[in-house]
Amino acid sequence: MARTVLVTGGNRGIGLAIAQAFAKQGDRVAVTYRGTAPSDFFGVQCDVTDAAAVDAAFAAVEAEFGPVEVLVANAGITKDTLLMRMSEEQFTDVIDTNLTGAFRVAKRAATKMVRARWGRMIFISSITGLSGNPGQVNYAASKAGLVGVARSITRELGSRNITANVVAPGFVETDMTAELPEERKAEYRKTIPAGRFASPDEIAGVVTWLASDAAGYVTGAVIPVDGGLGMGH
Ligand code: NDP
């Protein structure tokens with residue numbers, strides 16, 4: 001059955017691959033963007049740090065396709081630097097986008113999901129949220145926070161047929177990792193049992209599965225998609 005899917009940050013990288021995977025299986029897909037409107041999907045302009053913009057984006061999707069049934073909270077940023085150099089602004093900016101942004105969209109989606117007594121929420125975290133990483137105190141805190149968000153939603157809304165899960169990618173070939181120096185990437189590759197970074201499609205496949213009927217009893221889970229880097233954690 002076709003569903004209405006909203007992917008935040010669905011105009012590029014992992015979010016775009018997720019949007020494409022849902023579209024390929026026949027779902028009605030909307031994506032949020034900040035700059036240029038995406039050509040392939042119904043795009044709604046939205047900065048997830050702005051609650052009014054989030055509300056307006058959901059209203060636009062609802063007018064076009066009906067209530068959001070599958071929410072993928074994917075929008076995310078990094079502002080890396082070591083703890084002793086990290087400004088409070090660098091910390092709070094990353095939290096505001098990655099964690100509070102996910103809270104804003106989940107809260108907005110929940111009302112309609114409860115009414116429908118069906119819903120799927122998928123939060124794109126990171127292996128960094130589970131293992132930590134030098135230079136990423138802000139990012140790791142935001143990504144670890146998503147686990148608490150998803151598990152609390154699971155306890156609040158589980159009986160309404162709403163699942164909330166976390167996907168924790170390792171290194172994925174996108175603009176975000178393109179910023180890393182080549183030597184650093186080579187070093188990282190040596191530590192990954194799979195010996196390579198993931199393609200965005202390899203994250204998307206797990207996300208579409210979590211939204212499927214086959215995964216209806218999977219909730220509150222953290223699913224690593226990291227080529228063995230975290231050995232299941
Ligand atoms: P990209 O940098 O390629 O894309 C990030 C996306 O998030 C863009 O669509 C961007 O929109 C959007 N975004 C950022 N800030 C906001 C905001 N305030 N409001 C709305 N949208 C925003 O990143 P990836 O595709 O690599 O990452 C996607 C997610 O996966 C992120 O949450 C990231 O933390 C996570 N992840 C990535 C990994 C990797 O190795 N690449 C590994 C583990 C997790 P815009 O185009 O307007 O900037």
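Can you tell me which residue within the range 147-204, out of those that are more than 15 Å from the chain's Cα centre (by Cα) and β-branched (Val, Ile, Thr), is nearest to residue 113 (Cα to Cα)? For the range 147-204, the residue satisfying everything is 162.
Name the single residue, out of those in the range 18-53 being assigned to a helix (DSSP H, G or I), touching a residue at least 24 places away in the same chain (Cβ under 8 Å) and crowded, with 24+ Cβ neighbours inside 10 Å, that is nearest to the chain's Cα centre (by Cα). Break it down stepwise before answering.
As a first pass, look at the range 18-53 and keep what is assigned to a helix (DSSP H, G or I): 18-24, 51-53.
Subset that is touching a residue at least 24 places away in the same chain (Cβ under 8 Å): 18, 20-22, 51.
Subset that is crowded, with 24+ Cβ neighbours inside 10 Å: 18, 22.
Numbers: 18: 10, 22: 14 Å.
Across the range 18-53, the extreme among qualifying residues is 18.
Taking the condition under 22 Å from residue 204 (Cα atoms) and either within 11 Å of the ligand (Cβ to nearest atom) or hydroxyl-bearing (Ser, Thr, Tyr) (or both), does residue 61 pass? When the stated conditions are applied, residue 61 does not pass them. Here residue 55 meets each of (1) in contact with a Ser or Thr (Cβ under 9 Å, 6 or more places away or on another chain); (2) more than 13 Å from the ligand (Cβ to nearest atom) with one exception, condition (1). Restricting the first member to the range 125-154 and to residues that are within 14 Å of residue 101 (Cβ to Cβ), and the second to residues that are aromatic (Phe, Trp, Tyr) and more than 10 Å from the ligand (Cβ to nearest atom), the beta-carbon pairs closer than 6 Å and six or more apart or on different chains are 138/91.
May I ask you to verify whether residue 106 is over 24 Å from residue 205 (Cα atoms) and touching a residue at least 24 places away in the same chain (Cβ under 8 Å)?
Values: over 24 Å from residue 205 (Cα atoms): no; touching a residue at least 24 places away in the same chain (Cβ under 8 Å): yes.
It is false that residue 106 is over 24 Å from residue 205 (Cα atoms) and touching a residue at least 24 places away in the same chain (Cβ under 8 Å).
Residues that are under 18 Å from the mean Cα position of the chain (by Cα) and more than 16 Å from the ligand (Cβ to nearest atom) within the range 114-126 comprise 119, 120, listed in sequence order. Residues of the range 140-172 that are crowded, with 21+ Cβ neighbours inside 10 Å and charged (D, E, K, R): 143 alone. Evaluation of residue 49 against the conditions (1) away from the ligand (no atom under 11 Å from the Cβ); (2) in contact with an Asp or Glu (Cβ under 7 Å, 6 or more places away or on another chain) shows that the sole unmet condition is (1).
Restricting to the range 127-146, give me the number of residues that are of a type outside the set (Lys, Arg) and within 17 Å of the chain's Cα centre (by Cα). Full working, then the answer.
Of the range 127-146, the ones of a type outside the set (Lys, Arg) are 127-142, 144-146.
From what's left, within 17 Å of the chain's Cα centre (by Cα): 127-130, 138-142, 144-146.
Residues meeting the conditions: 12.
Filter the range 157-216 down to the residues that are assigned to a helix (DSSP H, G or I) and of a type in the set (A, V, I, L, M) and list them by number.
The first filter runs over the range 157-216 and keeps only residues assigned to a helix (DSSP H, G or I), leaving 157-160, 175-178, 182-191, 200-211, 213-215.
Hits for the range 157-216 are 157, 176, 178, 186, 203, 204, 206, 207, 210, 211, 214, 215.
Of the set (1) crowded, with 18+ Cβ neighbours inside 10 Å; (2) over 18 Å from residue 220 (Cα atoms); (3) touching a Phe, Trp or Tyr at 6+ places or on another chain (Cβ under 9 Å), all apply to residue 104 but (3).
Here's the yes/no breakdown for (1) in contact with an Asp or Glu (Cβ under 8 Å, 6 or more places away or on another chain); (2) under 23 Å from residue 29 (Cα atoms); (3) modelled with pLDDT of 95 or more:
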| residue | (1), (2), (3) |
| --- | --- |
| 154 | no, no, yes |
| 161 | no, yes, yes |
| 178 | no, no, no |
| 191 | no, no, yes |
| 196 | no, no, yes |
| 203 | no, yes, yes |
| 206 | no, yes, yes |
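Within the range 197-214, the set of residues being loosely packed, with under 12 Cβ neighbours inside 10 Å and within 15 Å of the ligand (Cβ to nearest atom) is empty.
Step by step: first the residues of the range 70-101, then only those that are surrounded by 23 or more Cβ atoms within 10 Å (Cβ to Cβ) and assigned to a loop (DSSP other than H, G, I, E, B), then the one that is nearest to the chain's Cα centre (by Cα). Which residue is that? Once the filter is applied, the top-ranked residue is 74.
The values are calculated or read from the model by the stated rules, or taken from the named source; none is laboratory data. The structure displayed is predicted, hence computed values, not measured ones. Note that each Cβ is placed from the backbone with ideal geometry, even for glycine, and that neighbours are counted across all protein chains shown.
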